[in-house]
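Below you'll find the structure, written out as structure tokens, and then a few comments.
Every number in this text was worked out from the coordinates using simple rules, so none of it is lab data. Because the structure is predicted, anything quoted here is derived from the model rather than measured. FYI the Cβ positions are ideal-geometry reconstructions off the backbone, even for glycines, and counts take in every protein chain you see.
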Amino acid sequence: MDPAEPLQPVPMSESREYSVPWSVLDSWLGVLLLALVNVGLLAIVSQDPRPELVQSAALILIQFAYLLPLVLIFAWRHISWKHLGFGKFDWNTLGLGCGLLIASYVVIIIHNLILMELKIDTQGSEILKLFASLESPVWFFFVGAVLAPIVEEIFFRGFLFQGFRQKYGWITAALLSSAIFAAAHLDLVALIPTFILGCVLAYIYHRSNSVWPGVILHFLVNAFGLCAALVSTRLPLPV
């Protein structure tokens, strides 16, 4: 090398560029704790499967239980919640997310058509049955459309995706966090649609490094689905 030639800066690796104050082991620990929380919730529901359980404010406590792994790990590591991505974002990223969601619905519609052809209930059919059994869907709607997007984006994108991204790169992190996101919903027929949604939200987080675009998109998806189900079960069919 010519001594007179200026030294070129060493490019920053992706793991350094997207570093966060928790390790990938902490992320996997969060997955394990989330699995234990899900097992506990299943045990509670199996002992009291009455529809009233999903009509009460208990749903709020159940949703917040999903943040328990994050609370424990951040308290243990003395990590500030600001690292989860509560900053500003470019609104163009939100527009991109809306476009990706529209495109993803093409795949989801094909998936649902295949399930219907196989005589398998889709996620929408299951939600319709649930709404039909509820006297008042207020709590269910609030949790599904408002609380769930905030809690799930904080855990799956702000915590899990970021932790995986610094070790595996953003593509692998998006696939891993989306697969766990889909599995955590404990709904086999919704596995593929939820995985696709998770990939879109992970990519939008990668572009913005903020949870807010994902929260907004997640809210739109859940609110649209729940509103459609509510209208279908509450309004009389035209003669």
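Rank the residues Arg157, Arg165, Arg77 as a footprinting-exposure proxy: fewest other Cβ atoms within 10 Å of their Cβ go first.
Details: Arg157 32, Arg165 28, Arg77 11.
Taking fewest neighbouring Cβ atoms as first place, the list is Arg77, Arg165, Arg157.
Assuming a ≥ b ≥ c are the square roots of the Cα gyration tensor eigenvalues, decide whether region 56-98 counts as rounded (a/c under 1.5), prolate (otherwise, with a/b larger than b/c) or oblate. Could you put the intermediate results ahead of the total?
Details: a/c = 3.81, a/b = 1.36, b/c = 2.80.
Oblate.
May I ask you to derive the FRET efficiency for Leu175 and Val138 from their Cβ-Cβ distance with R0 = 41 Å, giving the value to the nearest 0.05?
Details: r = 36 Å, r/R0 = 0.88.
FRET efficiency, Leu175 to Val138: 0.70.
Please arrange Trp212, Trp76 by how many other C-beta atoms lie within 10 Å of their C-beta, fewest to most.
Values: Trp212 19, Trp76 11.
Fewest-to-most ranking of Trp212, Trp76: Trp76, Trp212.
Among Cys199, Cys98, Cys227, rank each residue by its count of other Cβ atoms within 10 Å, from fewest to most, as a rough exposure measure. Walk me through the intermediate numbers first.
Numbers: Cys199 20, Cys98 16, Cys227 12.
Fewest-to-most Cβ neighbours within 10 Å comes out as Cys227, Cys98, Cys199.
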